[in-house]
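The values are calculated or read from the model by the stated rules, or taken from the named source; none is laboratory data. The model shown is predicted, which means the values in this text are computed figures rather than measured ones. Here Cβ is always computed from backbone atoms with ideal geometry, including for glycine, and neighbour counts include all displayed protein chains.
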Amino acid sequence: MGKVALVTGASGIQGRSVVKKLEASNEWSKVIAVSRSPLDFESKAQRISLDLNDKGGLKSTFNSEKIKDVTHVFHLAFAGDMTNTSRTVAGWLNNLVEELESADNPLEYVFFASGNKYYGVHLAQLPGEPKTPFRETDPRHFPPNFYYDMEDYAIERKKKGAKWNWNTYRPGPIIGYSLGYMNWLMEFAVYATICKEKNLPMRYPGTPQGYRVLFDCADADLLADVQIWLSKNKHAQNTAYNVNNGDVFRFEQLWPKLAEWFGLDVAPPLHIPLTKFMPHHKDLWASIVKKYDLKDIPFEKLVRWDFAEATLNAPSDEFGDATKLRKAGFEGQKMYTEEVFHRWFKELAKMRIIPDYPNLDKKS
């Protein structure tokens, strides 16, 4: 039958890009999109719903949906856990792979997503914690961390003779569309839109320290390209990689460039507790939706502010060394992060998530 991909988290920030890229290629005989809710983008993938906690349920669904030919797994499902300590999430990969094997799927490759919390960025309290640039060989922090559990599972299974190869990557914040959790794009776009409508400058809402530390991040489409490239290049498999757009930045440099897209000025940083302040603008957002004929997505589902509040107050640099992936032969890390944000702002406007301010300003 050829290559058959199963993508978990198919409606999420990483999964939707992977599904689209796989479907755009003629190399894949079939794409199976695992999502509890219907996909909100055009797709010919076979959508199934799975409870990754329930091995018996997985077995039943694989039988009823005739899931028998999966060769490649892209495991991108995530539950909102800012601490990375969930034992439940740690077991999802094990359950999925073992039930696919039990159903006689001819697995060749398993990819599972990680991130820079592998290096302990979520634990940092002081400048210099953890050290940068992150390298794949850096020692782990004191556990638990479910990234470690997934990686250990893959390593041990390979040692015991698993026929499939594996990879994971460890990007910083991911830039792409999804509703809700851990998403700079949505947080910045909604925050900037509210600033625009209230005739306020787009003030950086984190600490002055956070404004000046070094970050990297990764485009969701770039990450999809990385996953698919790794799945086809055996010399680069059975290991982990850092990945980023190709640059590092300080918000002191990036923030004014983000504000440009919205036609906004900036003002000096001022720490704003976003999780407390932003819910007060629910009614304003409803009026913005009506004014610009945007998609009527409940404000509390559109964005959660925990991630921005945590990361924009970072006490220390957060960026990785992506040399290992370049040396392996992947050449896609060639973007400036402001270009990535501008492309995605344009996409959000096309999707009617935010107003298309550049075109509106031209007409006024």
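Considering the conditions (1) under 17 Å from the mean Cα position of the chain (by Cα); (2) of a type outside the set (Lys, Arg); (3) over 24 Å from Asn94 (Cβ atoms), Phe78 is excluded by exactly one of them, (3). Among the residues of region 23-33, some residue qualifies, meaning at least one is part of a helix (DSSP H, G or I) and not hydroxyl-bearing (Ser, Thr, Tyr). Please state which one of Ala310, Ala328 is at pLDDT below 95 and either of a type in the set (Phe, Trp, Tyr) or in contact with a His (Cβ under 8 Å, 6 or more places away or on another chain) (or both). Unique residue meeting the criteria: Ala310. Taking the numbered list (1) outside any loop (DSSP other than H, G, I, E, B); (2) in contact with a strand residue (DSSP E or B) (Cβ under 6 Å, 6 or more places away or on another chain) in turn, Asn244 passes all entries but (1). Criterion applied to Asp283, Asp225 was being in the same structural domain as Met182 (by TED's automatic domain parsing) and among the acidic types (Asp, Glu), and the one residue passing it is Asp283. Output the residues belonging to region 187-240 that are touching an Asp or Glu at 6+ places or on another chain (Cβ under 7 Å) and in a strand (DSSP E or B). Correct list: Leu214, Phe215, Ala240. Considering Lys276, Lys291, Lys257, Lys295, the condition of being among the charged types (D, E, K, R), in a loop (DSSP other than H, G, I, E, B) and modelled with pLDDT of 95 or more is satisfied by Lys295 alone. Does Asn167 meet the test of being closer than 23 Å to Gly120 by Cβ, of a type outside the set (A, V, I, L, M, F, W, C) and not in a helix (DSSP H, G or I)? Against the criterion (closer than 23 Å to Gly120 by Cβ, of a type outside the set (A, V, I, L, M, F, W, C) and not in a helix (DSSP H, G or I)), Asn167 qualifies. Give just the number: which of (1) under 20 Å from Asp321 (Cα atoms); (2) in contact with a strand residue (DSSP E or B) (Cβ under 8 Å, 6 or more places away or on another chain) does Ala224 not satisfy? Every condition holds for Ala224 apart from (2).
Every test in (1) modelled with pLDDT under 95; (2) of a type outside the set (Phe, Trp, Tyr); (3) part of a loop (DSSP other than H, G, I, E, B); (4) touching a helix residue (DSSP H, G or I) at 6+ places or on another chain (Cβ under 7 Å) is passed by Leu52 save one, and that test is (1). Taking each residue of region 301-327 that is aromatic (Phe, Trp, Tyr) and looking for partners that are assigned to a helix (DSSP H, G or I) with beta-carbon atoms closer than 7 Å, six or more apart or interchain, yields Trp305/Glu187; Trp305/Leu274; Trp305/Thr275; Trp305/Met278; Phe307/Glu187.
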